[in-house]
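J.: Got a structure for you, written out below as structure tokens; questions coming shortly.
The values are calculated or read from the model by the stated rules, or taken from the named source; none is laboratory data. Keep in mind that this is a model prediction, so the values were computed, not measured. Cβ placement follows ideal geometry from the backbone for every residue including glycine, while neighbour counts extend to all protein chains displayed. Quick note on the areas: whole protein, heavy atoms, side chains included, nothing else; ligands and nucleic acids left out. Shrake-Rupley method; radii C 1.70, N 1.55, O 1.52, S 1.80 Å.
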Amino acid sequence: MEKIVIVGGGIIGSSIAYYLARAGAPVTVVEPDPTYEFAATPRSVGGVRFLHDIRENVEMSLFGREVFTGFAAQVQGAAVAFDPAWRTVGYLYMVSDAESARQLEHSAAMQRACGVEVSLLDRDALRARYPSFRFQDVVAAAWSPQDGQIDPHAALMGYRRAAEGNGAVYLKDKVVGIGQGHGRVSGVALQSGATLNCDIVVNAANCWAPEICEMAGIKAPIYPMRREQFFFKIQDPIESIPVMREACGFALRPERDGYIVARTRPDEKKGFNWTQDHDRFENDLWPGLVERSSAFEALRLQNAWVGHYDMSEIDGNPIIGECGALRGFHMAAGFSGHGLQHAPAVGRGMAELLTTGRYETIDLGPFSYQRVIEGRPLLDKGPRA
Ligand SMILES: Cc1cc2nc3c(=O)[nH]c(=O)nc-3n(C[C@H](O)[C@H](O)[C@H](O)COP(=O)(O)OP(=O)(O)OC[C@H]3O[C@@H](n4cnc5c(N)ncnc54)[C@H](O)[C@@H]3O)c2cc1C
């Protein structure tokens, strides 16, 4: 059987390692940091949403739910069992113009065909459901009650321990070079000075994926995009709410006895930036919250953190599968803020591809590197990043 090296042991690399090891493939995962200090996975807010506009994205989220709601039965072989602690919270995606409202209807038809329970709400329905909130700018909303939230770190460790339990080997090291010969991958060079010979390399290094691609002479249109999250509590309790997401990128989600708020900033400078910008909360997010509900006037900011999306420049969707001219070099990166929910499907799909030569369940072909070569973006008209 072909020897496989996975670069990066976050949830994507670990999910791929798990399904490959389960299928009996010899897998080594190279991961420099077992604490995952700067990795995206533990910094994620753990959302699993079905409101995508590309069928395969919806299907991947549905498989994510299947796995995360029955983790112990679905992900087997770990010496220590981790529980991703699925919570059904629901997801509300609000738009503010007629054309976007028509798009919601179009997307909802496809989502329903995939088996998602989704309905469209007008302003009056929103007011009736969430009386503490103002919806004067909202034309329509898509409501998906079964969307959920998980503990991202537990999901990552669950996959990692199960991969190890099934025979995958994790090396605490860093990939610094990709060996090639006759147009094929031949191995990886490690920071420790060692070399690992292999037939297949899977680049699952998230924001660092472009560096790994560069070692292989491949261009990856992916960059780190800073994403700040702020956790706060309010003084007077309000009705229970789902994730509330606005088309402008403003996102509010319930979290334990408080809320997490964030906003996608298209003007965010590309690249790593770990600085926490508290002015952003004061000057942008807090006023945005108060516009939605006066219940957010009296709040207490408890915590904040910075993470980075591995933003796919071409279309906000990942690159999955073999890359261009170098045989045996595969990618699973560029998830642009939705990699956690898709990790189970990507792991299963990559294992199918690498052990049988084709996708057997969800067709991940639309996410291939070929669209980068052809400059053919795969745009999802649902919530982005
Ligand atoms: C703030 C925030 C909120 C998010 N919220 C959600 C959400 O609600 N729902 C959702 O689905 N997704 C969400 N995401 C996205 C999700 O977290 C990521 O898509 C997912 O975790 C990516 O997993 P990964 O394994 O590819 O990356 P990572 O977890 O970053 O793992 C990549 C690993 O590669 C390793 N690596 C780097 N360089 C090398 C090298 N040279 N050699 C070997 N290894 C290397 C790193 O050490 C790292 O551990 C969020 C992300 C952020 C930042």
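J.: Would you check if ALA17 is in the same structural domain as HIS338 (by TED's automatic domain parsing), within 26 Å of GLY167 (Cα to Cα), at pLDDT below 95 and more than 9 Å from the ligand (Cβ to nearest atom)?
T.: In short, no.
J.: List, please: which pairs have Cβ atoms under 6 Å, are six or more places apart or on different chains, and start with a residue in region 154-168 that is in the same structural domain as ALA343 (by TED's automatic domain parsing) and surrounded by fewer than 19 Cβ atoms within 10 Å (Cβ to Cβ) and end with one that is assigned to a loop (DSSP other than H, G, I, E, B) and modelled with pLDDT under 95?
T.: GLY165/ALA78; GLY165/ALA79
J.: Which of the residues that make up region 295-328 are over 14 Å from the mean Cα position of the chain (by Cα) and part of a loop (DSSP other than H, G, I, E, B)?
T.: Selection gives GLU297, ALA298, GLU313, ILE314, ASP315, CYS323, GLY324, ALA325, LEU326, GLY328.
J.: Follow-up. Of the residues ALA163, ALA141, which is within 15 Å of the ligand (Cβ to nearest atom) and touching a strand residue (DSSP E or B) at 6+ places or on another chain (Cβ under 9 Å)?
T.: On inspection, the qualifying residue turns out to be ALA163.
The rows are residues; the columns are (1) closer than 20 Å to PRO254 by Cα; (2) not small (Gly, Ala, Ser).
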residue: GLU99; (1), (2): no, yes
residue: GLN103; (1), (2): no, yes
residue: ARG123; (1), (2): no, yes
residue: PRO131; (1), (2): yes, yes
residue: ALA140; (1), (2): no, no
residue: TRP143; (1), (2): yes, yes
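J.: Can you find even one residue in region 252-259 that is free of Cβ contacts under 8 Å to residues at least 40 places away in the same chain, crowded, with 19+ Cβ neighbours inside 10 Å and not assigned by TED's automatic domain parsing to the domain that holds ARG161?
T.: The answer is yes; a qualifying residue exists.
J.: Taking region 195-218, which residues are touching a residue at least 40 places away in the same chain (Cβ under 8 Å) and more than 13 Å from the ligand (Cβ to nearest atom)?
T.: The answer is ASN197, CYS198, ASP199, ILE200, GLY217, ILE218.
J.: Out of curiosity, is ARG49 near the ligand (Cβ under 8 Å from one of its atoms), surrounded by 24 or more Cβ atoms within 10 Å (Cβ to Cβ) and not small (Gly, Ala, Ser)?
T.: The answer is yes for ARG49.
J.: Report, by residue number, each residue of region 170-194 that is within 14 Å of the ligand (Cβ to nearest atom), more than 19 Å from ILE16 (Cα to Cα), part of a strand (DSSP E or B) and open to solvent by 40 Å² or more (accessible area, probe 1.4 Å).
T.: Hit for region 170-194 is VAL176, nothing else.
J.: Still on this structure, I have one more. Here's a check for you: in region 20-38, which residue that is touching a Leu at 6+ places or on another chain (Cβ under 9 Å) and hydroxyl-bearing (Ser, Thr, Tyr) is most open to solvent (accessible area, probe 1.4 Å)?
T.: THR28
J.: Sticking with this structure for a sec: Condition first: touching a Phe, Trp or Tyr at 6+ places or on another chain (Cβ under 7 Å) and polar (S, T, N, Q). Now tell me which residues in region 308-363 satisfy that.
T.: Of everything in region 308-363, those that are touching a Phe, Trp or Tyr at 6+ places or on another chain (Cβ under 7 Å) and polar (S, T, N, Q) turn out to be ASN317, SER336.
J.: Does region 120-135 contain any residue that is surrounded by 13 or more Cβ atoms within 10 Å (Cβ to Cβ) and closer than 23 Å to SER336 by Cα?
T.: no
For every residue, the table says whether it meets (1) crowded, with 23+ Cβ neighbours inside 10 Å; (2) near the ligand (Cβ under 7 Å from one of its atoms); (3) under 10 Å from the mean Cα position of the chain (by Cα); (4) outside any loop (DSSP other than H, G, I, E, B).
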| residue | (1), (2), (3), (4) |
| --- | --- |
| HIS330 | yes, no, no, yes |
| PHE335 | yes, yes, yes, no |
| LEU340 | yes, yes, yes, yes |
| ALA343 | yes, yes, yes, yes |
| VAL346 | yes, no, no, yes |
| GLY349 | yes, no, no, yes |
| GLU352 | no, no, no, yes |
